[in-house]
1. Somewhere in segment 156-168, is a residue open to solvent by less than 20 Å² (accessible area, probe 1.4 Å), closer than 15 Å to Val223 by Cα and either acidic (Asp, Glu) or at pLDDT 95 or above (or both)?
2. When the residues of segment 271-309 are filtered to those that are outside any helix (DSSP H, G or I) and open to solvent by 40 Å² or more (accessible area, probe 1.4 Å), which remaining residue is farthest from Leu88 (Cα to Cα)?
3. Filter segment 141-166 for residues that are part of a helix (DSSP H, G or I) and touching a residue at least 40 places away in the same chain (Cβ under 8 Å) and give the result.
4. Please enumerate the residues belonging to segment 248-270 that are farther than 19 Å from Cys146 by Cα and either open to solvent by less than 20 Å² (accessible area, probe 1.4 Å) or at pLDDT below 95 (or both).
5. Tell me, which strands (runs of 3 or more DSSP E) lie completely within segment 183-233 with 3 or more residues that are open to solvent by less than 20 Å² (accessible area, probe 1.4 Å), farther than 21 Å from Ile167 by Cα and touching a Cys at 6+ places or on another chain (Cβ under 9 Å)?
6. Restricting to segment 15-24, give me the number of residues that are open to solvent by 10 Å² or more (accessible area, probe 1.4 Å) and either in contact with a His (Cβ under 6 Å, 6 or more places away or on another chain) or closer than 18 Å to Ala246 by Cβ (or both).
7. Residue by residue through segment 160-190, note down the ones that are among the β-branched types (Val, Ile, Thr) and touching a Pro at 6+ places or on another chain (Cβ under 8 Å).
8. Restricting attention to segment 35-50, which residues are more than 17 Å from the chain's Cα centre (by Cα) and either free of Cβ contacts under 8 Å to residues at least 40 places away in the same chain or open to solvent by 10 Å² or more (accessible area, probe 1.4 Å) (or both)?
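The values are calculated or read from the model by the stated rules, or taken from the named source; none is laboratory data. The structure displayed is predicted, hence computed values, not measured ones. Please note: Cβ atoms are built from the backbone with ideal geometry, for glycine as well, and neighbour counts cover all protein chains shown. What goes into the accessible areas is simple: the full protein's heavy atoms, side chains included, and nothing from ligands, DNA or RNA. Shrake-Rupley method; radii C 1.70, N 1.55, O 1.52, S 1.80 Å.
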Amino acid sequence: MRKVIGLGETVLDIIFKGFKPVNALPGGSAFNAIISLGRSGIATTFIGEAGNDRIGDYVTDFLRDNGVATDGINVFPDSKSPLSLAFLDADNNADYLFYKDHPHDRLEFTYPEINRDDIVLFGSFFAINPAVRPQVSDFLTYAHKCGAILYYDVNYRASHRNEVMKITPNLIENLELADIVRGSHEDFEILYRQNDAAKVYHSEISFYCKKFICTRGKEPISVYAENDFHKNYEVKKTKTVSTIGAGDNFNAGFLYGIIRQNITRDDIDRGLSEAQWDALIASGQAFSAECCKDIYNYVSKEFGLSMQR
């Protein structure tokens, strides 16, 4: 059975509406996507660190309860779980504050079995953090050599705006290793001071990775790929309760589509057809829209069961 391996941070998301806390739940970019995939019947594994505290225990149990293998979770004796404060505005879009009390970032894990056509999901600052870059780089290189499909969600937050120059070599290496790159117009505004999808693709992405997805909230999704492929996809209007996991669950739906349509490493290397792109983007949008219906970071268990059927 093909599987998806998520690589990233774990946090406790505390969600505020009008400065009043309304929910607290496990989160993290790759984490959210992996939970949705686990609920949807996809074989999943998560690699990351959990704090040595009650929150860390909750995070690990939550992964297991949603069908995610946790052999790659590290718990260091002196580590505390990081917190993310998400403040929802009138349109239910979130602004974030992050609090982290790790003495220093570390990453130690035993590599899971990786077979050809498995998928590795990675991204956010975790994937370019100099403190854990050697381990991340080695693992991604290994996964690439094993024939896995590497999906990179840039997800670069404004809180790291002043570190762009420092992380650029790691960013470029990720782009080179990736088979598919997704980012939002906000990511590219921070990284390149440019949010036009066509300009970002042709000037910053295409030399390293040919398959590129740019999301822009309610605005159309832009896809660029080899053989001069370009297409914009309208985003259906939906009533949103929270957009916190929207991008993460787009990733989940896209990867769900790759597995359910049996898109392989060979298909990726040849280049996807327009019909394949259409189906994958539709799957990503379905997961994203479902997540936004409630104040959780993942699709509902009921939606997951419907995807299994």
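1. Looking only at segment 156-168, we keep the residues that are open to solvent by less than 20 Å² (accessible area, probe 1.4 Å), and these are 156, 167.
Imposing the further condition that a residue be closer than 15 Å to Val223 by Cα reduces the set to none.
Among the residues of segment 156-168, not one is open to solvent by less than 20 Å² (accessible area, probe 1.4 Å), closer than 15 Å to Val223 by Cα and either acidic (Asp, Glu) or at pLDDT 95 or above (or both), which makes the answer no.
2. The extreme case among them is Ser273.
3. Of segment 141-166, the ones part of a helix (DSSP H, G or I) are 141-145, 158-166.
Listed by number, the residues that qualify are Ala143, Ser159.
4. Looking only at segment 248-270, we keep the residues that are farther than 19 Å from Cys146 by Cα, and these are 248-254, 256-257, 260-261.
Across segment 248-270, the qualifying residues are Asp248, Asn249, Phe250, Asn251, Ala252, Gly253, Phe254, Gly257.
5. 219-225
6. Final tally of qualifying residues: 4.
7. Once the filter is applied, which keeps residues that are among the β-branched types (Val, Ile, Thr) and touching a Pro at 6+ places or on another chain (Cβ under 8 Å), segment 160-190 yields only Ile167.
8. Hit for segment 35-50 is Gly41, nothing else.
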